[in-house]
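Report on the structure given below.
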Amino acid sequence: MKTIMKTSTAGLLLLLMSAQWAFAQNDAVEQEIADLSTAKWQWMADKNVDELAALFHDRSRFVHMSGTWGKDEEIDIIRSGRIHYKQADVHDVVIETFGDTVILWNRITLLAEVRGNEVSNEFTVTEIYQKVDDDWKLLDLTFSSVRDTHSIEH
C-alpha cells in the first residue's frame, strides 16, 4: 500500500510540475506575442516596411474596411503612405495559444491618414501568428469596426 501511495504521490507531483511548466511556457509565448504586436504597431506608424516584411508571412492576408489583400499590397500601402497608421492606442488585449499558432485580439483606437484624410476609428483587431522555424510570422490581420463601448471577453 505504501508503494502505491508513493507512486501515486510521485505521479501527482510530476503532473503538477508539468502543468506548471506548460502554463509558464504559455505565459512566455503570450508575452512574446504581445510584445511583437506592440512592435508591429510601431513599425506600421514608422513605415518600417523592412521589419514588417520580415514579420508578415508570404501568404498573409489583411482585412480592412475597404478590402482584403496580401502581403505585397499591405507593404506597398504602408510604404507609399496610402494608409499611414499614425498611432494605435491599445485598450485591451486577449491572447490564446493553440500549439504553434497564437491568436491575439486587441481593441484599439487607430489614428490614421487614409488618402490624405486623418481619421480615428475604434477597432477590434484580430492577429494570427504562427511559429515558422524559429520565428513568429503574422498570418492574418483583420480590422473589425466597433463602437468605443465594445469589450473583449476574457
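In a shell of Cβ-Cβ distance under 11 Å around LEU141, excluding LEU141 itself, what net charge do Lys and Arg (+1) and Asp and Glu (-1) give?
On the way: positive: LYS40, ARG61, LYS71; negative: GLU74, GLU127, ASP140.
It works out to a net charge of 0.
Within the shell of other residues whose beta carbon sits under 13 angstrom from the beta carbon of ASP27, the net charge comes to -4, with Lys and Arg scored +1 and Asp and Glu -1. Other residues within the sphere of radius under 11 Å centred on the Cβ of TRP69, judged by their own Cβ, net out at -2 (K and R +1, D and E -1). Within region 100-154, the trypsin sites (Lys or Arg not before Pro) that combine a DSSP coil assignment with at most 15 other C-beta atoms in a 10 angstrom radius are ARG115, ARG147.
A short reminder: the numbers here are calculations on the coordinates, not readings from a lab. Just so we're clear, the structure is a prediction, and the values are computed from it rather than from any experiment. Every residue, glycine among them, receives a Cβ derived from its backbone with ideal geometry; neighbour counts consider all protein chains shown.
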